[in-house]
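Q: Mind having a look at this structure? Questions to follow.
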Amino acid sequence: MTATQVPAGRRVKGMIRVPGGVFLMGSEDFYQEERPVRRVQVDAFWMDAQPVTVAEFRAFVKATGYVTVAERPLDPAQYPGADPDLLRPGSLVFYQPNRPVDLRDVSQWWRYTPGASWRHPRGPGSTLGGFDLHPVTHVAAEDADAYAAWAGKELPTEAEWEFAARGGMERATYTWGDDPAPKDRPMANTWQGEFPWQNLKPPRRHGTSAVRSFPPNGFGLYDMAGNVWEWTSSGYTGYPGYKPLPGALGEYNGKFMSSQIVLRGGSCVTPETHIRATYRNFFSPATRWQFSGLRLARDGA
């Protein structure tokens with residue numbers, strides 16, 4: 001981290017001190033990109049106890065006049081032949097299909113929606129009424145960096161994020177342990193049912209939930225799984241010792257990785273397989289969508 005050091009003994013409002021230590025990062029049990037497991041040293045740092053909320057982001061915009069990536073038009077010269085509607089300011093919005101779909105085609109449930117932004121999370125006409133305590137959404141990496149600079153903090157590294165998410169538990173599958181729902185109790189705001197067409201949650205519980213609606217992890221951090229994806233400051237590179245897939249696909253993945261930024265944690269429309277403590281998501285810095293948010297950190301012994 002490069003942010004200003006927090007003086008020893010000082011408490012930081014709204015943040016939790018995460019002790020430093022060595023932990024086993026990654027997993028050998030799931031996706032190739034999570035391998036190999038290796039020991040990683042993390043220095044002590046402070047992390048927001050919860051994702052940045054709509055109210056907090058509104059204060060930033062009011063103070064600075066900042067315009068998010070989703071609210072800016074795209075340059076037609078950079079997208080020759082593109083549909084003009086796709087060049088209008090907007091963001092990706094989740095649309096639930098009414099039947100099983102091909103999971104290889106994300107356009108079956110994600111649509112670029114002109115007019116969608118943090119102010120209008122479900123597209124034109126939608127509002128933020130009653131959402132002040134929900135995580136802010138439709139945040140691109142550039143937006144996250146701008147907010148962090150204004151707040152005097154920064155995005156956590158991927159290693160810091162995973163260490164914090166584990167809450168002191170070594171090798172646990174989820175941020176609370178190995179059982180996805182202890183005693184049938186949901187531990188995070190995630191997808192319930194067959195993704196993406198069958199949502200078994202009550203209609204009023206579709207979408208994001210107010211922060212701190214679910215139990216914190218062992219470090220006292222809320223929503224480290226589910227609700228919204230959280231940007232990190234780390235590029236999407238292979239872990240030391242990572243072995244890419246052989247052939248052209250592996251070569252493509254290697255080049256592709258270098259231009260992406262890691263997000264962690266999952267969202268309210270993420271199935272339990274992807275809210276694991278080690279799961280790595282990634283997007284280009286300009287990508288924004290209905291459930292992309294952020295949480296910040298600071299150095300601190």
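The values are calculated or read from the model by the stated rules, or taken from the named source; none is laboratory data. All values derive from a computational prediction rather than experimental measurement. Here Cβ is always computed from backbone atoms with ideal geometry, including for glycine, and neighbour counts include all displayed protein chains.
Every residue, every condition in (1) farther than 30 Å from TYR31 by Cα; (2) touching a residue at least 12 places away in the same chain (Cβ under 8 Å); (3) of a type in the set (S, T, N, Q), yes or no:
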| position | (1), (2), (3) |
| --- | --- |
| HIS138 | no, yes, no |
| ASP145 | no, no, no |
| GLU154 | no, yes, no |
| THR173 | no, yes, yes |
| ASP178 | no, no, no |
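Q: Across the stretch 151-169, which residue is nearest to PRO216 (Cα to Cα) among those that are surrounded by fewer than 21 Cβ atoms within 10 Å (Cβ to Cβ) and among the aliphatic types (A, V, I, L, M)?
A: MET169
Q: Restricting attention to the stretch 30-81, and to residues there that are aromatic (Phe, Trp, Tyr) and at pLDDT 95 or above, which single residue is nearest to LEU296 (Cα to Cα)?
A: It comes out as TRP46.
Q: Just to verify a result, which residue in the stretch 25-63, among those that are under 22 Å from ALA188 (Cβ atoms), among the aliphatic types (A, V, I, L, M) and touching an Asp or Glu at 6+ places or on another chain (Cβ under 8 Å), is surrounded by the most Cβ atoms within 10 Å (Cβ to Cβ)?
A: From the stretch 25-63, those under 22 Å from ALA188 (Cβ atoms) are 25-27, 29-31, 33-34, 47-57; that's our starting set.
From what's left, among the aliphatic types (A, V, I, L, M): 25, 47, 49, 52, 54-55.
Subset that is touching an Asp or Glu at 6+ places or on another chain (Cβ under 8 Å): 25, 47, 54-55.
Working: MET25: 20, MET47: 26, VAL54: 22, ALA55: 13.
Per the criteria, the residue is MET47.
Q: Continuing with the same structure: When you go through VAL101, VAL139 one by one, which is the residue that is buried (at least 18 other Cβ atoms within 10 Å of the Cβ) and assigned to a loop (DSSP other than H, G, I, E, B)?
A: On the way: VAL101 fails: buried (at least 18 other Cβ atoms within 10 Å of the Cβ).
Unique residue meeting the criteria: VAL139.
Q: Go over the candidates ALA144, ALA148 one by one and state the one that is small (Gly, Ala, Ser), over 13 Å from the mean Cα position of the chain (by Cα), buried (at least 19 other Cβ atoms within 10 Å of the Cβ) and on the phi < 0 side of the Ramachandran plot. Before the answer, list the steps.
A: Values: ALA144 fails: over 13 Å from the mean Cα position of the chain (by Cα).
After ruling out the rest, the residue left standing is ALA148.
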